[in-house]
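Engineer: Mind looking over this structure? Questions follow.
A short reminder: the numbers here are calculations on the coordinates, not readings from a lab. Keep in mind that what you see is a predicted model, and the values were worked out from it rather than measured. Here the Cβ is made from the backbone with ideal geometry for all residues, glycine too, and neighbour counts use every protein chain on show.
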Amino acid sequence: MNLPVYDVVLLPAPEQYQLSIIISRRLERYGTDFTLADGERYPHLSLYMANLTAENVEKAKAALTGIAAHTPALSLEATGYAHDVEQGMFEVGYEKTDGIVRVQQAIIDAINPLRTGLRARDPVGRILADWLPRTSGEARENLEQYGYDEIGELFRPHITCTRFKQRYHKADTAALPPLAALSAVFLTLGLYEMGEHGTCTRTVFTTPLAADQDMIRDSTLFLTGQPACPGA
């Protein structure tokens, strides 16, 4: 059964959402496979990916609504620009807090029972049915149990900004916004249909986290004096 792949994600506050798009656009000059754009390829932080039937999409939406209602907004510090030189992905890394680990686990507990089989491909294009026998350790255990490997020790919170056509290419990060401006309050939980390269191409459902209003008001502290969208 050829089912769509869905991505359960966190969406950053508007300033950092737009900065992710700006970074993606600036990197186009190096030759890239995709550019983030609102309404086409949405900036996001992935928590779990799975094949879902139409019926189970509705169950997933209900489960995510319940999780969001009991999950406070997440303040995450941007820890660095990262380039996977083997696969070409260019990312903004975020700290792995107890809060984001808990929300990922709650999502996995709710959505994993709803998934159908194994995704055909992972975000870098590997055929998972062929790749699974070649993995080992936690990656293999996660794929076998959850159909998704980036869980536990392998969970690396990040926003992927683009993918270089020349996978080993090195970008000049000095030309990109300062990391302090990318630290973010994540206010929204979403379910998206996935496209190539791990992109989110269609909004299926979004729901706000149980945000602390003081946290929202004080989110500009993360910018440490930097403008929200420096040098667009």
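Engineer: Out of all the residues in the range 186-203, which are surrounded by fewer than 18 Cβ atoms within 10 Å (Cβ to Cβ) and either basic (Lys, Arg) or not in a loop (DSSP other than H, G, I, E, B) (or both)? Break it down into steps so the answer makes sense when it comes.
Structural biologist: From the range 186-203, those surrounded by fewer than 18 Cβ atoms within 10 Å (Cβ to Cβ) are 193, 195-196, 201-203; that's our starting set.
Glu193, Glu196, Thr201, Arg202, Thr203, listed by residue number.
Engineer: If you don't mind, another one. Confirm whether Ile100 is within 13 Å of Leu45 (Cα to Cα), touching a Leu at 6+ places or on another chain (Cβ under 9 Å) and β-branched (Val, Ile, Thr). Give the steps one after another, and end with the answer.
Structural biologist: Values: within 13 Å of Leu45 (Cα to Cα): yes; touching a Leu at 6+ places or on another chain (Cβ under 9 Å): yes; β-branched (Val, Ile, Thr): yes.
Answer is yes for this residue.
Engineer: Could you go through the range 86-100 and let me know if any residue there is over 21 Å from Glu150 (Cβ atoms) and hydroxyl-bearing (Ser, Thr, Tyr). Spell out the reasoning first.
Structural biologist: Going through the range 86-100, the residues over 21 Å from Glu150 (Cβ atoms) turn out to be none.
No, every residue in the range 86-100 fails to be over 21 Å from Glu150 (Cβ atoms) and hydroxyl-bearing (Ser, Thr, Tyr).
Residue by residue, here is whether (1) in contact (Cβ under 8 Å) with a residue 24 or more places away in the chain; (2) touching an Asp or Glu at 6+ places or on another chain (Cβ under 8 Å); (3) farther than 18 Å from Leu189 by Cβ holds:
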residue	(1), (2), (3)
Pro12	yes, no, no
Ser24	yes, no, yes
Tyr30	yes, no, yes
Ala37	no, no, yes
Tyr42	yes, no, no
Leu45	yes, no, no
Val57	yes, no, no
Ala60	yes, no, no
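Engineer: Say whether the condition of being closer than 28 Å to Asp33 by Cα and either in contact (Cβ under 8 Å) with a residue 24 or more places away in the chain or aromatic (Phe, Trp, Tyr) (or both) is met by at least one residue in the range 130-145.
Structural biologist: Within the range 130-145 (the criterion being closer than 28 Å to Asp33 by Cα and either in contact (Cβ under 8 Å) with a residue 24 or more places away in the chain or aromatic (Phe, Trp, Tyr) (or both)), the answer is yes, since at least one residue qualifies.
Engineer: Quick one: is Ala175 in contact (Cβ under 8 Å) with a residue 12 or more places away in the chain, of a type in the set (A, V, I, L, M) and out of contact with any helix residue (DSSP H, G or I) (no Cβ under 6 Å at 6 or more places or on another chain)?
Structural biologist: On the way: in contact (Cβ under 8 Å) with a residue 12 or more places away in the chain: yes; of a type in the set (A, V, I, L, M): yes; out of contact with any helix residue (DSSP H, G or I) (no Cβ under 6 Å at 6 or more places or on another chain): yes.
Against the criterion (in contact (Cβ under 8 Å) with a residue 12 or more places away in the chain, of a type in the set (A, V, I, L, M) and out of contact with any helix residue (DSSP H, G or I) (no Cβ under 6 Å at 6 or more places or on another chain)), Ala175 qualifies.
Engineer: In addition: Among the residues that make up the range 76-83, is at least one of them free of Cβ contacts under 8 Å to residues at least 24 places away in the same chain and under 16 Å from the mean Cα position of the chain (by Cα)?
Structural biologist: So in the range 76-83, the residues free of Cβ contacts under 8 Å to residues at least 24 places away in the same chain come out as none.
Taking every residue of the range 76-83 in turn, none turns out to be free of Cβ contacts under 8 Å to residues at least 24 places away in the same chain and under 16 Å from the mean Cα position of the chain (by Cα).
Engineer: In addition: Filter the range 126-185 down to residues that are surrounded by fewer than 12 Cβ atoms within 10 Å (Cβ to Cβ), polar (S, T, N, Q) and outside any loop (DSSP other than H, G, I, E, B), then give me how many there are.
Structural biologist: Qualifying residue count, the range 126-185: 1.
Engineer: Output yes when any residue across the range 90-103 is in contact with a Gly (Cβ under 9 Å, 6 or more places away or on another chain), free of Cβ contacts under 8 Å to residues at least 60 places away in the same chain and over 17 Å from Thr206 (Cα atoms), and no when none is.
Structural biologist: yes
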